[in-house]
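S.K.: Just dropping this structure here.
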Ligand code: PBG
């Protein structure tokens, strides 16, 4: 005789929804937004089907659409013109730069939208690296000075949260210190604290045309600053240090391959944990669905649920609009 029948709680849709432990809602998402210079531009990113770069005017329209769908946070990335790239991040701290104008353009049309900004030098670097290159290495401390100025410039333009994605040591401390010193007490920091040197960033680097170039001694895969995918304990070390230095939200990136890390981090910290489901994860599913090999919506929901179940409080995802359309 069987007394414990687990299938009782699976018999109907109503009971299944009652005992479900994890759910997905529009408020879970941070929407990455790619911005380009120009007017009337909406360019599809070749390796990211149905995902676009927008000029500021069409970005404003997109922002209003996101808001109307209940998507209330965006993470901004800019595609910088080649002639503005150098090895010092000059354009990154230009008060009239594309990022700075994009922040203002969003706040003009949708002041309540939570605006997060990417803080890293790669889109501005002629070498495609997140830091300043000299003597065959990425210069950690010199990069931090620019990152702090960059974060300050985003804050001054109206960003709510700055999101350093560079993986230099000590950058959270430098950014927090400068923000405090300049009176930006309420500008938050979402730190990419456990960011791995992942091959899943390929489509993103297409989107911004920011892929690293060939350099002697400096690996193109960013392994001298981003983390080794083989390491688990190190993610906790990185994350705890970033919290100590002043991070308000910490992040694990990429998502699906790193769900053990997500759970470890969630259990180890008392701040909100974000997960970035990255461009390569998006591209893989879009490609398989295009071929008819996977059920797009079902796999998308399963992946996002799994990321939340692993411990994410919030997810940066290119699927945000697809999800809201599906569940509403
Ligand atoms: C910039 C940055 C990257 C991503 C987010 N911020 C690329 C990189 O580190 O090379 C990747 C996001 C994605 O793949 O979706 N430092």
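S.K.: Test residue 261 against the stated conditions and say whether it is away from the ligand (no atom under 15 Å from the Cβ), farther than 20 Å from residue 52 by Cβ, part of a helix (DSSP H, G or I) and in contact with a strand residue (DSSP E or B) (Cβ under 9 Å, 6 or more places away or on another chain).
M.R.: Values: away from the ligand (no atom under 15 Å from the Cβ): yes; farther than 20 Å from residue 52 by Cβ: yes; part of a helix (DSSP H, G or I): yes; in contact with a strand residue (DSSP E or B) (Cβ under 9 Å, 6 or more places away or on another chain): yes.
Yes; evaluated as a whole, the condition is true for this residue.
S.K.: Report, ordered by the first and then the second residue, all pairs with beta carbons closer than 6 Å, sequence separation of six or more or different chains, a first member in the stretch 23-44 that is within 22 Å of residue 161 (Cβ to Cβ), and a second member that is assigned to a loop (DSSP other than H, G, I, E, B).
M.R.: 26/70; 26/71; 29/71; 31/71
S.K.: Just to be sure before I move on: is residue 154 buried (at least 21 other Cβ atoms within 10 Å of the Cβ), more than 18 Å from residue 193 (Cβ to Cβ), away from the ligand (no atom under 12 Å from the Cβ) and free of Cβ contacts under 8 Å to residues at least 60 places away in the same chain in the structure I sent?
M.R.: On the way: buried (at least 21 other Cβ atoms within 10 Å of the Cβ): yes; more than 18 Å from residue 193 (Cβ to Cβ): yes; away from the ligand (no atom under 12 Å from the Cβ): yes; free of Cβ contacts under 8 Å to residues at least 60 places away in the same chain: yes.
Spelling it out, residue 154 is indeed buried (at least 21 other Cβ atoms within 10 Å of the Cβ), more than 18 Å from residue 193 (Cβ to Cβ), away from the ligand (no atom under 12 Å from the Cβ) and free of Cβ contacts under 8 Å to residues at least 60 places away in the same chain.
S.K.: Quick test of your reading of the structure: residue 187 fulfils all but one of (1) surrounded by fewer than 21 Cβ atoms within 10 Å (Cβ to Cβ); (2) in contact with a helix residue (DSSP H, G or I) (Cβ under 6 Å, 6 or more places away or on another chain); (3) without any contact (Cβ under 8 Å) to a residue 40 or more places away in the chain. Name the failing condition by number.
M.R.: Tallying (1) surrounded by fewer than 21 Cβ atoms within 10 Å (Cβ to Cβ); (2) in contact with a helix residue (DSSP H, G or I) (Cβ under 6 Å, 6 or more places away or on another chain); (3) without any contact (Cβ under 8 Å) to a residue 40 or more places away in the chain, residue 187 fails exactly one: (1).
S.K.: So, one more: State the number of residues belonging to the stretch 231-247 that are surrounded by fewer than 16 Cβ atoms within 10 Å (Cβ to Cβ) and outside any helix (DSSP H, G or I).
M.R.: Going through the stretch 231-247 one residue at a time, the tally reaches 2.
S.K.: Just checking, which of 91, 62 is over 20 Å from the mean Cα position of the chain (by Cα) and surrounded by 16 or more Cβ atoms within 10 Å (Cβ to Cβ)? Reasoning before the result, please.
M.R.: Numbers: 62 fails: over 20 Å from the mean Cα position of the chain (by Cα).
Result: 91 is the single residue among 91, 62 that is over 20 Å from the mean Cα position of the chain (by Cα) and surrounded by 16 or more Cβ atoms within 10 Å (Cβ to Cβ).
S.K.: Would you pick out the residues in the stretch 118-132 that are more than 11 Å from the ligand (Cβ to nearest atom) and crowded, with 23+ Cβ neighbours inside 10 Å? Please lay out each step first, then the result.
M.R.: Residues of the stretch 118-132 that are more than 11 Å from the ligand (Cβ to nearest atom), as a first pass: 126-127, 132.
Answer for the stretch 118-132, where residues must be more than 11 Å from the ligand (Cβ to nearest atom) and crowded, with 23+ Cβ neighbours inside 10 Å: just 132.
S.K.: Since residue 44 meets every condition but one in (1) surrounded by 14 or more Cβ atoms within 10 Å (Cβ to Cβ); (2) assigned to a strand (DSSP E or B); (3) out of contact with any helix residue (DSSP H, G or I) (no Cβ under 7 Å at 6 or more places or on another chain), which condition does it not meet?
M.R.: Only one criterion in (1) surrounded by 14 or more Cβ atoms within 10 Å (Cβ to Cβ); (2) assigned to a strand (DSSP E or B); (3) out of contact with any helix residue (DSSP H, G or I) (no Cβ under 7 Å at 6 or more places or on another chain) is unmet by residue 44, namely (1).
S.K.: Still on this model: For the stretch 195-223, which residues satisfy the criterion of being in contact with a strand residue (DSSP E or B) (Cβ under 6 Å, 6 or more places away or on another chain) and under 17 Å from residue 140 (Cα atoms)?
M.R.: Answer for the stretch 195-223, where residues must be in contact with a strand residue (DSSP E or B) (Cβ under 6 Å, 6 or more places away or on another chain) and under 17 Å from residue 140 (Cα atoms): just 195.
S.K.: Taking the residues in the stretch 192-214 that are more than 12 Å from the ligand (Cβ to nearest atom) and farther than 15 Å from residue 125 by Cα as candidates, determine which candidate is surrounded by the most Cβ atoms within 10 Å (Cβ to Cβ).
M.R.: 193
S.K.: Given the criterion in contact (Cβ under 8 Å) with a residue 40 or more places away in the chain, part of a loop (DSSP other than H, G, I, E, B) and more than 13 Å from the ligand (Cβ to nearest atom), identify the matching residue among 270, 217.
M.R.: Working: 270 fails: in contact (Cβ under 8 Å) with a residue 40 or more places away in the chain.
The match here is 217.
S.K.: Of these, 275, 250, which one is within 18 Å of the chain's Cα centre (by Cα), within 14 Å of the ligand (Cβ to nearest atom) and not in a loop (DSSP other than H, G, I, E, B)?
M.R.: Selected residue: 275, the only one of 275, 250 that is within 18 Å of the chain's Cα centre (by Cα), within 14 Å of the ligand (Cβ to nearest atom) and not in a loop (DSSP other than H, G, I, E, B).
S.K.: Mind checking which residues of the stretch 98-110 are more than 16 Å from the ligand (Cβ to nearest atom) and either more than 19 Å from residue 189 (Cα to Cα) or in contact with a helix residue (DSSP H, G or I) (Cβ under 7 Å, 6 or more places away or on another chain) (or both)? Working first, answer last.
M.R.: Taking the stretch 98-110 and keeping what is more than 16 Å from the ligand (Cβ to nearest atom), we get 100-101, 103-110.
Those that are more than 16 Å from the ligand (Cβ to nearest atom) and either more than 19 Å from residue 189 (Cα to Cα) or in contact with a helix residue (DSSP H, G or I) (Cβ under 7 Å, 6 or more places away or on another chain) (or both): 100, 101, 103, 104, 105, 106, 108, 109, 110.
S.K.: When the residues of the stretch 65-88 are narrowed to those that are over 28 Å from residue 128 (Cα atoms) and assigned to a helix (DSSP H, G or I), which ends up farthest from the chain's Cα centre (by Cα)?
M.R.: Taking the stretch 65-88 as the starting set, the residues that turn out to be over 28 Å from residue 128 (Cα atoms) are 65-72.
Still in the list and also assigned to a helix (DSSP H, G or I): 65-68.
Numbers: 65: 20, 66: 17, 67: 19, 68: 22 Å.
Step by step, filter the stretch 65-88, then rank; the result is 68.
S.K.: I would also like to ask the following. Which condition number in (1) in contact with a helix residue (DSSP H, G or I) (Cβ under 8 Å, 6 or more places away or on another chain); (2) touching a residue at least 24 places away in the same chain (Cβ under 8 Å); (3) closer than 27 Å to residue 208 by Cβ is the one that residue 306 fails?
M.R.: Just one mismatch for residue 306, condition (3).
S.K.: Return the residue satisfying two criteria in turn: it lies in the stretch 278-296 and is within 25 Å of residue 250 (Cα to Cα) and in a helix (DSSP H, G or I), and of such residues it is nearest to the chain's Cα centre (by Cα). Steps first, please.
M.R.: Of all residues in the stretch 278-296, those within 25 Å of residue 250 (Cα to Cα) come to 278-283.
Those left that are additionally in a helix (DSSP H, G or I): 279-283.
Values: 279: 10, 280: 13, 281: 13, 282: 13, 283: 15 Å.
So the residue we want is 279.
S.K.: Suppose we keep only residues that are crowded, with 19+ Cβ neighbours inside 10 Å and more than 16 Å from the ligand (Cβ to nearest atom) within the stretch 278-310. Which one would you say is farthest from residue 26 (Cα to Cα)?
M.R.: Applying the filter and picking the extreme gives 310.
S.K.: For the stretch 222-241, which residues satisfy the criterion of being within 18 Å of the chain's Cα centre (by Cα) and either within 13 Å of the ligand (Cβ to nearest atom) or farther than 21 Å from residue 129 by Cβ (or both)?
M.R.: 222, 225, 226, 227, 235, 239
Every read-out reported here was derived from the displayed coordinates using simple, explicitly stated rules and does not represent laboratory data. Predicted model only: the values in this text are computed from it and were never measured. Positions of Cβ are backbone-derived with ideal geometry, glycine not excepted, and every protein chain shown enters the neighbour counts.
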